[in-house]
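Visitor: Please find one structure pasted underneath; my questions will follow.
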Amino acid sequence: MEKSFLIKPMLDEIYPVIDYGKGVYLYDMEGKKYLDAASGAVTANIGHGVLEIIEAMEEQAKKVSFVYRSQFTSEAAEKLAKKIADWMPGDLNWSFFVNSGSEATETAMKMAIQYWQEQGILTKTKVLSRWVSYHGITLGALSMSGHTGRRARFVPLLEDFPVINPPYCYRCPYNLEAPACGYACANELEMAIKRIGADQIAAFIAEPVIGAAGGAIAPPKDYFKTIKKICEDNNILFIADEVMTGFGRTGTVLACEQWDVIPDIVAFGKGMGAGYAPIAAAVASEKVMAPILAGTKSVMSGHTLSANPQSCAVSLAVLEYLEKNVIIKEVESKGIFLKNQLEKLKEQFSFIGDVRGKGLLLGIEFVEDQETKTPFPRKAFITQKVVRIAMEKGLLVYPAGAGIDGVNGDAIIISPPLTITEKEIENLLLLVKETLAAFSNQIN
Ligand code: PLP
């Protein structure tokens, strides 16, 4: 192969070259077929090669690909914003379009700070978050992320934003069980606010289901209700990072709906463009926008490619596709079936510690000892091994962090396109079993 000048995640590895994708499958140049059980990075929510989306992109490109948001708006951006407002619960009506999930969470953070500034409150600038969380790779988003591995090299450059314990029931920081625990990890937020001072805090940010940092950790029933109440009681905005969960991944448009809460601001990404175009958004409620509309009348953020007409047309087509094919409604039953089948593998493979998640965002945590939940040693590179074996077998799974710091643990995420059929789920399960059997042989 010719020398490559492309900076890839691991510079000393050879990556297969993908030729094309169709539905839940990707095909490389050698003709090898991969079942994309990760949707890339929990992104290709409607599968690969959907003609309607490609046609929508072409149609928009023929009209105009780019207009600058400081000069013009576009039909595509207006229609997308309207569609999102229609789909959102409550009055989450206002969309700020950006290009990546990191930009979306960072825009959400800036909106929250501006919300207080417009009311003359200049001290509320901190954003609280949780350990074992990931909100993006740019420095602002990373400052809000409790992902020790991704932060490590940049800590001196990051804002010192406080973090609380995550609702990681499998490894409860309090050694308790929900609901008897009284949601101690959520109540930690109250303590943190008291210590830091509500007058310093703009918002609290959380992923409804913890993704990359924890391997699909879904909180217990009343967790988010407790969090939202603490935020309201203390005059702090609640930002939901739905970059991974948004637009149907867990079975509802917003994952937050499943915990009966409506956030003040939501960050979307990934599934919003389903991989067909880079598009993401920070979506704010009327409450958040009110002082801005009455004040400076401008949200202080923006990128050259914000609200790009082509990306907006793609996202609109993706949402219409989800709607027309009634895809989100079926996610719950598909997810329950898949999760139950994965659960059964615990008996066969003693290294499966936990099977968890919501809808089609599922995680498997691997442990050395099921009884004691002892993680494998770091140097064993368990996650990487499982991901590699799966790939050899033609199965793509997403490597995630796990463990109390999101680093000293091993997990994979299984998150196929929401369009996956029953038969394809059976095939997925077969490949998972083959992968785990081969892995079992390697470690025994
Ligand atoms: N927030 C969450 C919950 C994510 O999972 C990710 C990416 O994995 C991001 C933010 C950052 O999104 P992006 O990689 O598009 O910048």
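Visitor: Where in the stretch 73-151 are the helices (runs of 4 or more DSSP H), entirely inside, with at least 2 residues that are within 16 Å of the ligand (Cβ to nearest atom) and under 22 Å from Gly302 (Cα atoms)?
Guide: Output list reads 101-117, 139-143.
Visitor: Can you go through Val261, Val299 and tell me which one is free of Cβ contacts under 8 Å to residues at least 60 places away in the same chain and away from the ligand (no atom under 15 Å from the Cβ)?
Guide: Criteria check complete, one pass: Val261.
Listed here are the residues, each with its yes/no results for (1) acidic (Asp, Glu); (2) in a strand (DSSP E or B); (3) in contact with a strand residue (DSSP E or B) (Cβ under 7 Å, 6 or more places away or on another chain); (4) surrounded by fewer than 24 Cβ atoms within 10 Å (Cβ to Cβ).
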residue	(1), (2), (3), (4)
Gly215	no, no, yes, no
Lys221	no, no, no, yes
Thr226	no, no, no, yes
Lys229	no, no, no, yes
Thr245	no, no, yes, no
Glu257	yes, no, no, yes
Pro278	no, no, no, yes
Ala281	no, yes, yes, no
Val288	no, no, yes, no
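Visitor: Checking the condition within 30 Å of Lys324 (Cα to Cα) and not β-branched (Val, Ile, Thr), which residue from Glu106, Glu177, Glu75, Glu118 passes?
Guide: Result: Glu75 is the single residue among Glu106, Glu177, Glu75, Glu118 that is within 30 Å of Lys324 (Cα to Cα) and not β-branched (Val, Ile, Thr).
Visitor: Restricting to the stretch 172-195, name every residue that is loosely packed, with under 14 Cβ neighbours inside 10 Å and either at negative phi or within 16 Å of the ligand (Cβ to nearest atom) (or both).
Guide: Hits for the stretch 172-195 are Tyr174, Glu177, Pro179, Ala180, Met191, Lys194, Arg195.
Visitor: Another question about this same structure. Could you list all residues from the stretch 196-211 that are part of a loop (DSSP other than H, G, I, E, B) and crowded, with 24+ Cβ neighbours inside 10 Å?
Guide: Across the stretch 196-211, the qualifying residues are Glu207, Pro208, Val209, Gly211.
Visitor: Check off (1) out of contact with any helix residue (DSSP H, G or I) (no Cβ under 7 Å at 6 or more places or on another chain); (2) under 19 Å from Ile413 (Cβ atoms); (3) modelled with pLDDT of 95 or more for Val24 and give me the number that stays unchecked.
Guide: Condition not satisfied by Val24: (1).
Visitor: Any residue that is among the β-branched types (Val, Ile, Thr), in contact (Cβ under 8 Å) with a residue 60 or more places away in the chain and in contact with an Asp or Glu (Cβ under 9 Å, 6 or more places away or on another chain) - is there at least one of those in the stretch 221-234?
Guide: no
Visitor: Then there's this: Return the only residue of Gly403, Gly353, Gly357 being at pLDDT 95 or above, in contact with a Gly (Cβ under 6 Å, 6 or more places away or on another chain) and not in a helix (DSSP H, G or I).
Guide: From the options Gly403, Gly353, Gly357, the qualifying one is Gly357.
Visitor: Hey, could you check the stretch 96-136 for residues that are over 30 Å from Gly215 (Cβ atoms) and out of contact with any Gly (no Cβ under 9 Å at 6 or more places or on another chain) and say which is surrounded by the most Cβ atoms within 10 Å (Cβ to Cβ)?
Guide: Among them, the one singled out is Tyr115.
Visitor: Same structure again: May I ask you to list the residues in the stretch 14-51 that are more than 16 Å from the ligand (Cβ to nearest atom), surrounded by 13 or more Cβ atoms within 10 Å (Cβ to Cβ) and at positive phi?
Guide: Residues satisfying the conditions are Gly23, Gly47, Gly49.
Visitor: Can I ask one more? Here is a list: Lys393, Lys423. Which entry is farther than 19 Å from Pro166 by Cβ, surrounded by fewer than 19 Cβ atoms within 10 Å (Cβ to Cβ) and in contact (Cβ under 8 Å) with a residue 12 or more places away in the chain?
Guide: Of the residues listed, the single one that is farther than 19 Å from Pro166 by Cβ, surrounded by fewer than 19 Cβ atoms within 10 Å (Cβ to Cβ) and in contact (Cβ under 8 Å) with a residue 12 or more places away in the chain is Lys393.
Visitor: Which of the numbered conditions does Asn308 fail, given that it passes all the others? Conditions: (1) within 16 Å of the ligand (Cβ to nearest atom); (2) in contact (Cβ under 8 Å) with a residue 60 or more places away in the chain; (3) closer than 23 Å to Lys22 by Cβ.
Guide: Unmet for Asn308, out of (1) within 16 Å of the ligand (Cβ to nearest atom); (2) in contact (Cβ under 8 Å) with a residue 60 or more places away in the chain; (3) closer than 23 Å to Lys22 by Cβ: (3).
Visitor: Would you be able to say whether some residue in the stretch 61-77 is surrounded by 13 or more Cβ atoms within 10 Å (Cβ to Cβ) and under 27 Å from Ala255 (Cα atoms)?
Guide: Among the residues of the stretch 61-77, at least one is surrounded by 13 or more Cβ atoms within 10 Å (Cβ to Cβ) and under 27 Å from Ala255 (Cα atoms), which makes the answer yes.
Visitor: A follow-up question, please. Of everything in the stretch 272-294 that's small (Gly, Ala, Ser) and closer than 15 Å to Phe96 by Cβ, which residue is nearest to the ligand (Cβ to nearest atom)?
Guide: Filtering the stretch 272-294 for residues that are small (Gly, Ala, Ser) and closer than 15 Å to Phe96 by Cβ, the one nearest to the ligand (Cβ to nearest atom) comes out as Ala280.
Visitor: Which pairs turn up if I take residues in the stretch 28-56 that are under 20 Å from Ile14 (Cα atoms) and among the acidic types (Asp, Glu) and look for partners that are within 16 Å of the ligand (Cβ to nearest atom) and at pLDDT 95 or above with beta carbon separation below 6 Å, at least 6 apart in sequence or on another chain?
Guide: Note: pairs meeting the criteria are Asp36/Leu396.
Visitor: Among the aliphatic types (A, V, I, L, M) and within 24 Å of the chain's Cα centre (by Cα): is that true of Ala56 in this structure?
Guide: It is false that Ala56 is among the aliphatic types (A, V, I, L, M) and within 24 Å of the chain's Cα centre (by Cα).
Visitor: Check the stretch 354-366 and report whether any residue there is at positive phi and free of Cβ contacts under 8 Å to residues at least 60 places away in the same chain.
Guide: Scanning the stretch 354-366, I find no residue that is at positive phi and free of Cβ contacts under 8 Å to residues at least 60 places away in the same chain, so the answer is no.
Visitor: Given the structure, is Val209 more than 17 Å from the chain's Cα centre (by Cα) and within 16 Å of the ligand (Cβ to nearest atom)?
Guide: Taking the combined requirement at face value, the residue does not satisfy it.
Visitor: Just a yes or no: is a residue in the stretch 297-312 among the hydrophobic types (A, V, I, L, M, F, W, C) and over 22 Å from Met88 (Cβ atoms)?
Guide: So far as the stretch 297-312 goes, yes, one or more of its residues are among the hydrophobic types (A, V, I, L, M, F, W, C) and over 22 Å from Met88 (Cβ atoms).
The values are calculated or read from the model by the stated rules, or taken from the named source; none is laboratory data. As the structure is a prediction and not an experimental result, all values here were calculated from the model. Counting neighbours? That spans all protein chains shown, and the Cβs are built from the backbone with ideal geometry, glycine included.
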